[in-house]
1. Here are Leu14, Leu66: which of them is within 30 Å of Ala84 (Cα to Cα) and over 26 Å from the mean Cα position of the chain (by Cα)?
2. Only residues that are of a type in the set (Val, Ile, Thr) and surrounded by 11 or more Cβ atoms within 10 Å (Cβ to Cβ): list them for segment 56-88, please.
3. What about Leu73, is it on the phi < 0 side of the Ramachandran plot and in a loop (DSSP other than H, G, I, E, B)?
4. For the condition basic (Lys, Arg) and at pLDDT 90 or above, what is the one hit in Arg101, Arg69, Arg40, Arg36?
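The values are calculated or read from the model by the stated rules, or taken from the named source; none is laboratory data. Because the structure is predicted, anything quoted here is derived from the model rather than measured. Virtual Cβ from ideal backbone geometry, glycine too; neighbours counted across all protein chains shown.
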Amino acid sequence: MTDMQPKEDEMDQLLRSSLAAPIPSLSPDFDQRLLREVRRSSPSLDRFGKILLTSYGVISAVVSALVMRSHGLDWGTIAGMILAPVLVVAVARMQFSGPLRTTPK
């Protein structure tokens, strides 16, 4: 147990110095600067996000179809099970992109 005593003392000193340091805070205009940066880089991130999400969806659908087919389901059932959630998402997007939408396209 004596091996731990120097490490415990060192950790205790580190914690005490951390507690004695001033509390960090954000600058008053942090929100405005963050919003400016997000707006400036938003189009490229938005495009990249859409590509990434679409790729993930296509790969997920293909893998799911192959797994369901390996379990003996026919292609009609597989197509229905994959396309039904896509249809629900499409309908929901149409419903929520109406007059209640507040963010610009």
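1. Leu66
2. Kept after step one, since they are of a type in the set (Val, Ile, Thr), are these residues of segment 56-88: 58-59, 62-63, 67, 77-78, 82, 86, 88.
Of everything in segment 56-88, those that are of a type in the set (Val, Ile, Thr) and surrounded by 11 or more Cβ atoms within 10 Å (Cβ to Cβ) turn out to be Val62, Val67, Thr77, Ile78, Ile82, Val86.
3. So Leu73 fits the description; yes.
4. Checking each option against the conditions leaves just Arg69.
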